[in-house]
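Colleague: Sending over a structure as structure tokens; questions will come in a sec.
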Amino acid sequence: MRTKTFKGGVHPEEYKELSNECPITPAFPSSKTVTIPVTMGGAPNTPCVNVGDAVVKGQVIATGEGFMNCPVHASVSGKVKKIAKCVVTGNQEVPCIVIEADGTDTQQFMDVLDPFTLESKDILARIKAAGIVGQGGASFPAHVKFNPPADKKIEWVLVNAAECEPYLTCDERTMQETPDRLIDGLSIVLHLFKDAKAMIALEDNKAYIKPILEKEIAAKNFGEKMSVQLVKTKYPQGAEKFIVSACTGREIPSAKLPADAGCVISNVGTLCAVSDAFRLGKPVIERCLTISGGAVVKPCNLRVPVGTLVSDLNPEFFQLKENNAPDGCVKIISGGPMMGFAMAGTAFPVAKGTSGVTFLTKREAALDQEDPCIFCGACVKRCAMKLTPVMIIREMNAGNMDKAKQYGLMDCIECGCCAFVCPAHVKLVQRIRIGKGVVRQQMAEARLKEQMLKEKAEKESKEAK
């Protein structure tokens with residue numbers, strides 16, 4: 001079978017060997033408390049518990065009434081210690097519910113359901129009730145993704161099993177250890193799209209997993225509906241636009257979604273969560289993640305309750321090398337080194353979308369000082385989105401946000417390829433993220449102004465009558 005790929009991209013050191021042979025190990029926070037963000041994907045939630053309340057594992061503790069809301073559940077049994085703003089990935093302070101475990105491990109799961117006897121609306125309702133969001137990092141509500149507009153004909157359900165970020169191997173281990181959960185979750189989602197087929201996109205550095213998945217597909221008699229496609233090991237192969245391009249040859253238009261190309265895409269962990277929601281009645285209350293990097297004594301893959309502070313896993317479940325050692329930690333990243341967020345410390349919680357924490361040494365970290373851009377065009381050559389990062393940054397620096405948008409500011413997926421190849425070490429991704437924030441703020445202000453003008457006009461019209 002031909003290995004498929006996309007144009008552009010880069011080939012960073014993979015460092016998968018540090019943890020890809022480490023089984024997923026259960027871990028529990030040393031402080032016996034979890035700090036659970038009130039919202040972990042979708043519209044903002046509101047807590048439905050109060051300080052002092054006793055909660056059980058699996059109980060809904062925050063939710064909302066909107067279509068885009070995705071409920072959050074208690075990941076331990078215990079007492080609500082406080083509800084306050086805490087630092088999370090991205091160094092933002094957001095409302096969190098802190099629960100102190102009581103050690104009883106009492107649980108309150110949903111009823112077990114057979115998805116193949118249910119209508120589509122009931123399958124989607126269970127996925128929403130389980131609080132399932134994309135576990136690849138974006139944390140988009142799964143019940144929304146699996147319910148595209150009626151005019152979008154879905155022909156492919158694609159599984160992002162690329163795991164192209166360096167260091168991270170939790171998806172790789174999940175496919176090795178529980179391929180049955182992945183295939184079962186995929187079959188449930190495929191049941192929503194009667195005329196679609198499924199394809200698992202697997203980077204060829206993990207080709208040894210292909211027969212494992214194919215054996216499970218054959219055992220479940222899904223051979224006519226499911227297949228495994230090897231794709232070239234290249235970053236950012238796991239981005240949804242490139243999964244679609246490599247697997248189907250189709251291109252997602254600018255500002256459009258995979259559904260516009262007849263595709264729905266889901267991550268390995270997300271599909272396993274779908275299986276758990278039906279077979280066990282279990283909501284998303286735990287998360288597999290990789291702890292890796294040159295500064296880690298023994299990299300590992302862990303399964304922890306959602307809300308576990310990373311600091312509560314050290315040193316019981318992983319240890320760092322001495323800071324003053326040549327290979328000591330100089331940079332902490334929530335996620336992988338290409339698209340992750342640099343953090344000031346480890347006192348932040350593992351959320352539903354936390355795929356790993358990477359501890360980098362000076363040799364591994366990009367700590368070089370910026371030099372002036374020499375307009376070499378290296379970023380243009382390697383941009384998988386076919387954008388011109390150098391021109392985006394130039395227009396942003398000049399305050400020309402409209403021109404920056406014309407050059408593709410809002411189309412950038414922030415993969416980091418441009419910064420990776422920049423000889424001047426310009427922090428392109430960070431600048432683009434700031435630019436996007438400015439544009440979104442301008443758009444929000446414009447909508448508010450439009451709303452105010454509309455309300456004013458309506459008021460004047462009523463007064464005139």
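Colleague: To the nearest 20 debye, what is the magnitude of the charge dipole of the chain about its Cα centre, counting +1 on the Cβ of each Lys and Arg and -1 on the Cβ of each Asp and Glu?
Modeller: Details: 58 positive and 52 negative charges, 210 e Å.
With Lys and Arg at +1 and Asp and Glu at -1, about 1000 debye.
Colleague: Here are some pairs, Lys79/Lys352; Lys128/Lys298; Lys232/Lys256; which of them have Cα atoms lying more than 27 Å apart in this structure? Kindly include the intermediate steps, with their values, before the conclusion.
Modeller: Numbers: Lys79/Lys352 21 Å; Lys128/Lys298 37 Å; Lys232/Lys256 25 Å.
From the list (Lys79/Lys352; Lys128/Lys298; Lys232/Lys256), the Cα-Cα distance tops 27 Å for Lys128/Lys298.
Colleague: Do the sum for the chain: with -39,500 (n - 2.57) for every DSSP H run of n ≥ 4, divided by all residues, what is the mean residue ellipticity at 222 nm, to the nearest 500 deg cm²/dmol? If you can, show how the numbers build up before the last one.
Modeller: Working: 12 runs with 128 residues, N = 465.
Only helices count here, giving -8500 deg cm²/dmol.
Colleague: If you put +1 on each Lys and Arg Cβ and -1 on each Asp and Glu Cβ, how big is the dipole of the range 1-155 around its Cα centre, in Debye rounded to 20?
Modeller: Details: 16 positive and 16 negative charges, 77 e Å.
Its charge dipole is roughly 360 debye.
Colleague: Something else now. Under 9 Å from the Cβ of Thr361, count the other residues' Cβ atoms, weight Lys and Arg +1, Asp and Glu -1, and hand me the total. Walk me through the numbers on the way to the answer.
Modeller: Working: positive: Lys321, Lys331, Lys362, Arg363; negative: Asp327, Glu364.
With Lys, Arg at +1 and Asp, Glu at -1, the net is +2.
Colleague: A follow-up question, please. For the chain, which whole percent of the accessible surface, found with a 1.4 angstrom probe, sits on carbon and sulfur atoms?
Modeller: Numbers: 11420 of 21650 Å².
Of the solvent-accessible surface of the chain, carbon and sulfur hold 53 percent.
Colleague: Give me the net charge for the shell around Ile265: Cβ to Cβ below 11 angstrom, other residues only, Lys and Arg +1, Asp and Glu -1. Don't skip to the end; give the middle numbers.
Modeller: Values: positive: Lys145, Lys241; negative: Glu240.
Here the charged neighbours net out to +1.
Colleague: Got the relative contact order for the range 11-70 handy, in percent, Cα pairs under 8 Å and 6 or more residues apart? Let's see the in-between values first.
Modeller: Details: 42 pairs, mean separation 18.4, N = 60.
So the answer I get is 31 percent.
Colleague: Of Val159, Cys422, Phe278, whose Cα points farthest to the positive end of the dipole of the chain (charges on the beta-carbon: +1 Lys, Arg; -1 Asp, Glu; origin at the Cα centre)?
Modeller: Among Val159, Cys422, Phe278, the one farthest towards the positive end of the dipole of the chain is Cys422.
Colleague: Here is a follow-up. Name the GluC sites (Glu not before Pro) in the range 100-169 that are in a loop by DSSP and that have at most 12 other C-beta atoms within 10 Å, would you?
Modeller: On the way: sites: Glu100, Glu119, Glu155, Glu163; in loops: Glu119, Glu155, Glu163.
Of the GluC sites (Glu not before Pro), the ones in loops of the range 100-169 whose Cβ has at most 12 other Cβ atoms within 10 Å are Glu119.
Colleague: At q = 0.15, 0.20, 0.27 Å⁻¹, what is the log10 ratio I(q)/I(0) for the range 12-77, with the Debye formula run over Cα points and no solvent?
Modeller: -0.66, -0.84, -1.17
Colleague: Beta carbons within 10 angstrom, averaged per residue: use that to sort the peptides 307-320, 178-191, 130-143, 13-26, highest first.
Modeller: Working: 307-320: 19.3, 178-191: 21.6, 130-143: 23.4, 13-26: 16.1.
The most tightly packed comes first, giving 130-143, 178-191, 307-320, 13-26.
Colleague: Counting other Cβ atoms within 10 Å, which GluC sites (Glu not before Pro) in the range 363-465 have at most 12 and lie in a DSSP loop? Before the final figure, lay out each step's value.
Modeller: On the way: sites: Glu364, Glu370, Glu395, Glu414, Glu445, Glu450, Glu455, Glu458, Glu460, Glu463; in loops: Glu364, Glu370, Glu414.
Here the sparse-neighbourhood loop sites are Glu370.
Colleague: With no solvent and one equal point scatterer placed on each C-alpha of the range 18-141, evaluate the Debye formula and give log10 I(q)/I(0) for q = 0.12, 0.15, 0.17, 0.20 Å⁻¹, two decimals.
Modeller: Here log10 of I(q) over I(0) equals -0.52, -0.80, -0.99, -1.23.
Colleague: Which whole-Hz ³J(HN,Hα) couplings does the range 255-263 yield from phi under the Karplus relation 6.51 cos²θ - 1.76 cosθ + 1.60, θ = phi - 60°, glycine and proline marked x?
Modeller: 6, 10, 10, x, 4, 5, 10, x, 10
Colleague: How compact and how long is the range 376-447, expressed as Rg and Dmax of its alpha-carbon atoms in Å?
Modeller: Cα-based Rg and Dmax for the range 376-447 come out at 11.8, 40 Å.
Colleague: Dipole of the range 367-465, Cα-centred, from +1 at each Lys and Arg C-beta and -1 at each Asp and Glu C-beta, to the nearest 20 debye? Provide the component values of the computation, followed by the final result.
Modeller: Details: 18 positive and 13 negative charges, 54 e Å.
Around 260 debye, computed over the range 367-465.
Colleague: What would the Debye formula give as log10 I(q)/I(0) at q = 0.21 Å⁻¹ for the alpha-carbon point model of the range 278-354, no solvent?
Modeller: Treating every Cα as an identical point scatterer, log10 I(q)/I(0) equals -0.99.
The values are calculated or read from the model by the stated rules, or taken from the named source; none is laboratory data. Given the structure is predicted, the values throughout are model-derived calculations rather than measurements. Counting neighbours? That spans all protein chains shown, and the Cβs are built from the backbone with ideal geometry, glycine included. Side chains included, ligands, DNA and RNA excluded: accessible areas come from the protein's heavy atoms. Shrake-Rupley method; radii C 1.70, N 1.55, O 1.52, S 1.80 Å.
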